[in-house]
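A short worksheet on the structure shown next.
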Amino acid sequence: MQGLLSNKVAIVTGAASLNGIGRRTAKLFAEHGATVVIVDLDAGAASAAAESLGPGHLGLAGNVTSRDDCQKAVDTVLQSYGKVDVLVNNAGITQPSKIMDITGEDYQRITDVSLRGTLYMSQAVIPTMRQAGSGSIVCLSSVSAQRGGGIFGGPHYSAAKAGVLGLARAMARELGPDGVRVNALTPGLIQTDITAGKLGPEMKAEILKGIPLNRLGEAVDVANCCLFLASDLSSYLTGVTLDVNGGMLIH
């Protein structure tokens, strides 16, 4: 069976973490025929993650908050493969602070990775996508942006992820005439390294009461939606926000 991303080149940021959404997305993309480029802070971890996908994939060091790093990474991809068909802006960090505890440094650090990183990586791939007249950019936001706070993220995280939604919609509007699609995902509570060990039985039971599907999300649940938005199955979708939360936020 031919994969949904056969002959496509896809960049996934922040995908070195073993049990994260980015890593699972990279794996699924590779299974569907994509050449996958993992961009993460640590060169060794990025390379190891790429190697785990099989031959022909690439791992690159890059800090998404650095415009130079983003440009260098995309330049390397273009030199190696000649094109970029898909970008998944997955890199992000969180911090469970209360509103009065957020320092200027905290705000900068949290918003920089999710929001500035999404801007800089998108800016780096847009020229080649425009030239090709096609491309898909998938931006990872969070249910925290919609419900005003999450279980593991403070108000600055909510603000950063809400900013990602606005940025994605604005890019979708601007890039639509060029054939480039931009969409966002808002995952609910997904079991990753970020949540590992932090959910006690009582806390988990309380959370499940608010999720109609009565389970926490898995990284693959989000990866499947990334695949949908990256592929031609969603060729007439742009500017959408796709909720991936088991019904936690039915609205």
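Worth a mention:
- Taking each residue of the stretch 217-231 that is farther than 15 Å from L189 by Cβ and looking for partners that are assigned to a helix (DSSP H, G or I) with beta-carbon atoms closer than 6 Å, six or more apart or interchain, yields A223/R24; A223/T25; A223/L28; C226/T25; L227/L28; F228/S234.
- Count - residues of the stretch 215-251 that are over 27 Å from D178 (Cβ atoms) and assigned to a loop (DSSP other than H, G, I, E, B): 9
- Just one of the listed residues (Q131, Q79) is at pLDDT 95 or above, under 17 Å from K8 (Cβ atoms) and either out of contact with any helix residue (DSSP H, G or I) (no Cβ under 8 Å at 6 or more places or on another chain) or not in a helix (DSSP H, G or I) (or both), and it is Q131.
- Residue within the stretch 107-114 that is closer than 30 Å to E202 by Cα, touching a residue at least 60 places away in the same chain (Cβ under 8 Å), in contact with a Phe, Trp or Tyr (Cβ under 7 Å, 6 or more places away or on another chain) and not small (G, A, S) present: no
- Residue match in the stretch 203-214 (condition: surrounded by 17 or more Cβ atoms within 10 Å (Cβ to Cβ), over 22 Å from A15 (Cβ atoms) and touching a residue at least 24 places away in the same chain (Cβ under 8 Å)): yes
- Filter result for A223 (under 22 Å from A16 (Cα atoms) and either in contact with a helix residue (DSSP H, G or I) (Cβ under 8 Å, 6 or more places away or on another chain) or buried (at least 17 other Cβ atoms within 10 Å of the Cβ) (or both)): yes
- Residue check, A184 touching a residue at least 12 places away in the same chain (Cβ under 8 Å), outside any strand (DSSP E or B) and small (G, A, S): no
- Any hit, the stretch 85-93, residues being surrounded by fewer than 22 Cβ atoms within 10 Å (Cβ to Cβ), assigned to a loop (DSSP other than H, G, I, E, B) and modelled with pLDDT under 95: yes
- Residue that is surrounded by the fewest Cβ atoms within 10 Å (Cβ to Cβ), among those in the stretch 9-63 that are of a type in the set (D, E) and in contact (Cβ under 8 Å) with a residue 12 or more places away in the chain: D42
- Test: G217 is within 20 Å of G133 (Cα to Cα) and of a type outside the set (S, T, Y): no
- Only residues that are at negative phi and in contact with a strand residue (DSSP E or B) (Cβ under 8 Å, 6 or more places away or on another chain) were counted across the stretch 232-251, and they come to 11.
- Test: residue in the stretch 88-98 that is among the β-branched types (V, I, T) and under 16 Å from V12 (Cα atoms): yes
- Any chance I207 is of a type in the set (V, I, T) and over 17 Å from V138 (Cβ atoms): yes
Yes/no matrix, rows are residues, columns are (1) crowded, with 24+ Cβ neighbours inside 10 Å; (2) not in a helix (DSSP H, G or I):
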residue: T111; (1), (2): no, no
residue: P127; (1), (2): no, no
residue: C139; (1), (2): yes, yes
residue: S144; (1), (2): yes, no
residue: G149; (1), (2): no, yes
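- Condition met for T195 (of a type in the set (S, T, Y), surrounded by 11 or more Cβ atoms within 10 Å (Cβ to Cβ) and part of a loop (DSSP other than H, G, I, E, B)): yes
The values are calculated or read from the model by the stated rules, or taken from the named source; none is laboratory data. Keep in mind it's a predicted model, so treat the numbers as computed, not measured. Virtual Cβ from ideal backbone geometry, glycine too; neighbours counted across all protein chains shown.
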